[in-house]
Ligand code: GRF
């Protein structure tokens, strides 16, 4: 299966997928990595000879035009699945229209708890003893789509945001790699029976 990854930051989750996809028995390949900025994470793709693209909001007159350009940039790689892994923009109707139902996101909290861009900080501030990560289908809301998979991560005494987020990302990487494999295998199986 063809996977396009979208990221905005260091891209450690995208890197985990790129690495997993190098295994011959992994049922998906990362065919491109895209970002809304010249993110450091794009380097993980470039280093592996995987196409990397940037679609920056500031290069477009408005959000709708950016959304349409992003949809076209993703479509150029003919993905079966689009994975938002630390992509920090809300996609619009063009991307959702083109890839809704095969666009997933990974979030560093147990949704519906702590949606939004500061999930780890919010869990700490709330005094949570247990948090975790969620892989979910993307819909028009903010981290509101149907949950696909979740995994718990303990909050330990003395945790600050960086330490807790690092512990979550260790689990998030595994959950994402496993969930993508499971999704494309089940879909592939269905296709092969048609
Ligand atoms: C991940 O925890 C993701 O859930 C959140 O931002 C982090 C991205 O990390 N949205 P990286 O850029 O993949 O290292």
Next on the checklist: Can you give me the angle between helix 63-75 and the longest principal axis of the chain, using Cα atoms only, in degrees from 0 to 90, rounded to the nearest 10?
Outcome noted: 70 degrees
Checklist entry - Points 7 angstrom from Cα along the Cβ direction at residue 186 and residue 163: gap in nanometres? => result 3.7 nm
Checklist entry - If you line up the long axis of helix 12-21 against the longest principal axis of the chain, both from Cα atoms, how many degrees apart are they, to the nearest 10? => result 50 degrees
Checklist outcome for this item: Proxy exposure order for 47, 173 (fewest C-beta within 10 Å first) is 47, 173
Item to check | Label point at residue 23 placed 7 Å out along Cα→Cβ; residues across region 120-160 whose backbone nitrogen lies under 13 Å | outcome: none
Item to check | Estimated distance in nm for a label pair at residue 170 and residue 140, the labels positioned 7 Å out from Cα along Cα-to-Cβ | outcome: 4.1 nm
Checklist entry - What is the distance, in nm, between label points placed 7 Å from the Cα along the Cα-to-Cβ direction at residue 75 and at residue 118? => result 3.8 nm
Checklist entry - Taking Cα atoms, how many degrees apart are the long axis of helix 161-193 and the longest axis of the chain, rounded to 10 and kept between 0 and 90? => result 40 degrees
Checklist entry - Could the peptides 67-80, 48-61 be put in order, highest first, of the mean number of other beta-carbon atoms found within 10 Å of their residues? => result 67-80, 48-61
Checklist outcome for this item: Computed from the beta carbon distance with a Förster radius of 25 Å, FRET efficiency for residue 10 and residue 57 to the nearest 0.05 stands at 0.80
Item to check | Fraction of beta bridges assigned by DSSP in the chain that are antiparallel (%, nearest 5) | outcome: 40 percent
Next on the checklist: Using only the alpha-carbon atoms, what does region 1-141 span along each of its principal axes? Please give whole angstrom values in decreasing order.
Outcome noted: 44, 41, 27
Next on the checklist: Quick check on packing: order 148-155, 25-32 by the mean number of other C-beta atoms within 10 Å, highest mean leading.
Outcome noted: 25-32, 148-155
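All of the numbers you see were taken from the coordinates with simple rules; none came from a lab. For clarity, every value in this text was computed on a predicted model and none was experimentally measured. FYI the Cβ positions are ideal-geometry reconstructions off the backbone, even for glycines, and counts take in every protein chain you see.
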